[in-house]
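What follows is calculated from the coordinates using simple rules that are stated; it is not laboratory data. Because the structure is a prediction, the values reported are computed rather than measured. Glycine also receives a Cβ, built like all others from the backbone with ideal geometry; neighbour counts cover every protein chain displayed.
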Amino acid sequence: MRRLYVGGLSHKVTEKDLKDRFGKFGEVEDVELRTRRDEEGVPYKTFGYINISISDSDLKRCKLTKPSS
């Protein structure tokens, strides 16, 4: 089991989006999304943590794969 940090996410991304994306490379156990907001409640940073069972080779493949639009 690995805990991956994923930064630079769109503020519109969902847990399901990340499960679908990373599920191609291993078994996703859990996704945790966080959005930081300024004093006025405007989001300025969205990131996530993904707990995934993934092999070393699949992790490397995952890192090299470009996100699809």
If you scan the stretch 37-50, which residues turn out to be closer than 21 Å to Ser10 by Cβ and out of contact with any Pro (no Cβ under 8 Å at 6 or more places or on another chain)? Asp38, Glu40, Gly41, Val42, Pro43, Tyr44, Lys45, Thr46, Phe47, Gly48, Tyr49, Ile50
Looking only at residues in the stretch 20-69 that are more than 13 Å from Val6 (Cβ to Cβ) and among the small types (Gly, Ala, Ser), which one is farthest from the chain's Cα centre (by Cα)? Gly41
List the pairs whose first member sits in the stretch 7-26 and is more than 23 Å from Tyr44 (Cβ to Cβ), whose second member is assigned to a loop (DSSP other than H, G, I, E, B) and among the aliphatic types (A, V, I, L, M), and whose Cβ atoms are under 6 Å apart, counting only residues at least 6 apart or on separate chains? Phe25/Ile54; Gly26/Ile54
